[in-house]
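Heads up, the thing below is written out as structure tokens.
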Amino acid sequence: MIYVSSSCVKNNKIKDSVQELAGNGFKNIELSGGTEYYENFETDLLELKDKYNLNYRCHNYFPPPKKPFVINLASLNDEVFQMTFNHLKKVISLSERLGANKFAFHAGFFVDIRLGEIGKKLSRDDLFDKEKSIERFCSAYMMLKSQAKNVSLFIENNVYSKTNAEVYKGENPLMMTNFSDYRSLKEKIDFNLLLDVAHLKVSTKTLGLNWESEFENMINESNYIHISDNDGFHDLNSQLAKSSSLLSMLRQSDTKNKDFTLEIYDEMNAIKKSYEVLFEAVS
């Protein structure tokens, strides 16, 4: 099944993003960041779900918190950690009410990222004790998992850019940016991987790893995949092209029983073309 992220279109209210995507024929919509909080958004979503016969999934920053902050389940700042934990609990409950059976959020960070810097050049701050951060993340994840009765939880790999490697002088401030990180975390907790292939493409280039090998290893571990393309240096959320190496690698992979979400930040025609290219590659 192929979903389209609500973040592909730019609106202040989630109802307008869903309406735009549904009006263009998309039935499977992943509710993501980029919109503002407003009262009664849930009523709007349920009405649109019935009107267009939609399937939903929630992702990371949806619904948008009333007070914006950067989600970090590995934070050693108690306030940030508690806000994150409470947000994720609310999303699990919302997912159940929306009939969404999967919910994914990003692996944690070893530093609290400032508003406006997520996915961009970070300011340099002292890193947390990594072992303590990972321990807190794992403990919290298991608590969330125990509360998610009808929703499967997934953890998404982070994107580690060359720019941020330079800021942190080669010390990685992010959890789970490659296959080795994934295996290490998997040894500590049993979890599902949401593989963001665009994140992986950038991270492998930064870390000097083999992109094709990392892709093959990680796609075999995941049945839920975020997809867009980029130049290997920045997470650009570019459209998919038939001739790209990414699509070639995807065609050679076993994509049976895998769900995909398009994260293409472009005009509607580019989103539709990317959907067609992806559908052809995985069918």
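Quick check on the stretch 61-83. Is at least one of its residues among the hydrophobic types (A, V, I, L, M, F, W, C), in contact (Cβ under 8 Å) with a residue 40 or more places away in the chain, under 21 Å from Ile29 (Cβ atoms) and out of contact with any Asp or Glu (no Cβ under 8 Å at 6 or more places or on another chain)? Break it down stepwise before answering.
Quick first cut of the stretch 61-83, residues among the hydrophobic types (A, V, I, L, M, F, W, C) only: 62, 69-71, 73-74, 76, 80-81, 83.
Of the ones still in play, those that are also in contact (Cβ under 8 Å) with a residue 40 or more places away in the chain are 62, 69-70, 73-74, 76, 81.
When the remaining residues are screened for being under 21 Å from Ile29 (Cβ atoms), the result is 62.
With out of contact with any Asp or Glu (no Cβ under 8 Å at 6 or more places or on another chain) added as a condition, the list becomes 62.
Among the residues of the stretch 61-83, at least one is among the hydrophobic types (A, V, I, L, M, F, W, C), in contact (Cβ under 8 Å) with a residue 40 or more places away in the chain, under 21 Å from Ile29 (Cβ atoms) and out of contact with any Asp or Glu (no Cβ under 8 Å at 6 or more places or on another chain), which makes the answer yes.
Within the stretch 251-280, how many residues are of a type in the set (D, E, K, R) and touching a His at 6+ places or on another chain (Cβ under 6 Å)?
Total meeting the criteria: 1.
Being within 29 Å of Thr43 (Cβ to Cβ), touching a residue at least 40 places away in the same chain (Cβ under 8 Å) and either hydroxyl-bearing (Ser, Thr, Tyr) or surrounded by fewer than 20 Cβ atoms within 10 Å (Cβ to Cβ) (or both) is true for just one of Lys132, Lys149. Which residue is that?
Lys149
Quick one: how many residues across the stretch 216-232 are farther than 23 Å from Ile271 by Cβ and touching a Ser or Thr at 6+ places or on another chain (Cβ under 9 Å)?
So the answer is 2.
Given the criterion within 28 Å of Gly34 (Cβ to Cβ), surrounded by fewer than 20 Cβ atoms within 10 Å (Cβ to Cβ) and of a type in the set (S, T, N, Q), identify the matching residue among Ser244, Ser253.
Ser244
For the stretch 90-110, which residues satisfy the criterion of being over 17 Å from the mean Cα position of the chain (by Cα) and surrounded by fewer than 22 Cβ atoms within 10 Å (Cβ to Cβ)? Steps first, please.
Taking the stretch 90-110 as the starting set, the residues that turn out to be over 17 Å from the mean Cα position of the chain (by Cα) are 90, 93-94, 96-99, 110.
Across the stretch 90-110, the qualifying residues are Lys90, Ser93, Leu94, Glu96, Arg97, Leu98, Gly99.
Report yes if Leu278 is buried (at least 17 other Cβ atoms within 10 Å of the Cβ), of a type outside the set (Asp, Glu) and in a loop (DSSP other than H, G, I, E, B), otherwise no.
Details: buried (at least 17 other Cβ atoms within 10 Å of the Cβ): yes; of a type outside the set (Asp, Glu): yes; in a loop (DSSP other than H, G, I, E, B): no.
Here the answer is no, as Leu278 does not meet what is asked.
Would you check if Ile71 is touching a helix residue (DSSP H, G or I) at 6+ places or on another chain (Cβ under 9 Å), part of a loop (DSSP other than H, G, I, E, B), within 24 Å of Lys15 (Cα to Cα) and modelled with pLDDT of 95 or more?
yes
Quick one: would you say Ala140 is surrounded by 15 or more Cβ atoms within 10 Å (Cβ to Cβ), within 23 Å of Tyr3 (Cα to Cα) and of a type in the set (Gly, Ala, Ser)?
When the stated conditions are applied, Ala140 does not pass them.
Got at least one residue in the stretch 208-216 being surrounded by fewer than 23 Cβ atoms within 10 Å (Cβ to Cβ) and either β-branched (Val, Ile, Thr) or under 14 Å from the mean Cα position of the chain (by Cα) (or both)?
No, every residue in the stretch 208-216 fails to be surrounded by fewer than 23 Cβ atoms within 10 Å (Cβ to Cβ) and either β-branched (Val, Ile, Thr) or under 14 Å from the mean Cα position of the chain (by Cα) (or both).
How many of the residues in the stretch 66-86 are surrounded by fewer than 20 Cβ atoms within 10 Å (Cβ to Cβ) and out of contact with any Lys or Arg (no Cβ under 9 Å at 6 or more places or on another chain)?
Within the stretch 66-86, residues that are surrounded by fewer than 20 Cβ atoms within 10 Å (Cβ to Cβ) and out of contact with any Lys or Arg (no Cβ under 9 Å at 6 or more places or on another chain) number 11.
Condition (residue is part of a loop (DSSP other than H, G, I, E, B), buried (at least 16 other Cβ atoms within 10 Å of the Cβ) and β-branched (Val, Ile, Thr)) applied to the stretch 28-39: is it met by at least one residue?
Yes, some residue in the stretch 28-39 is part of a loop (DSSP other than H, G, I, E, B), buried (at least 16 other Cβ atoms within 10 Å of the Cβ) and β-branched (Val, Ile, Thr).
Residue by residue through the stretch 97-141, note down the ones that are among the aliphatic types (A, V, I, L, M) and closer than 17 Å to Met175 by Cα. First the steps, then the outcome.
Taking the stretch 97-141 first, the residues among the aliphatic types (A, V, I, L, M) are 98, 100, 104, 107, 111, 113, 115, 118, 122, 127, 134, 140.
Scanning the stretch 97-141 gives Ala104, Ala107, Val111, Ile113, Ile118, Leu122, Leu127, Ile134, Ala140.
For the stretch 146-153, check the following and say yes or no: at least one residue is in a loop (DSSP other than H, G, I, E, B), in contact with a helix residue (DSSP H, G or I) (Cβ under 7 Å, 6 or more places away or on another chain) and farther than 27 Å from Asn217 by Cβ.
For the stretch 146-153, residues in a loop (DSSP other than H, G, I, E, B), in contact with a helix residue (DSSP H, G or I) (Cβ under 7 Å, 6 or more places away or on another chain) and farther than 27 Å from Asn217 by Cβ: present.
The values are calculated or read from the model by the stated rules, or taken from the named source; none is laboratory data. These numbers come from a predicted model, not from an experiment. Heads up, the Cβs are rebuilt from the backbone with ideal geometry, glycines too, and the neighbour counts pull from every protein chain shown.
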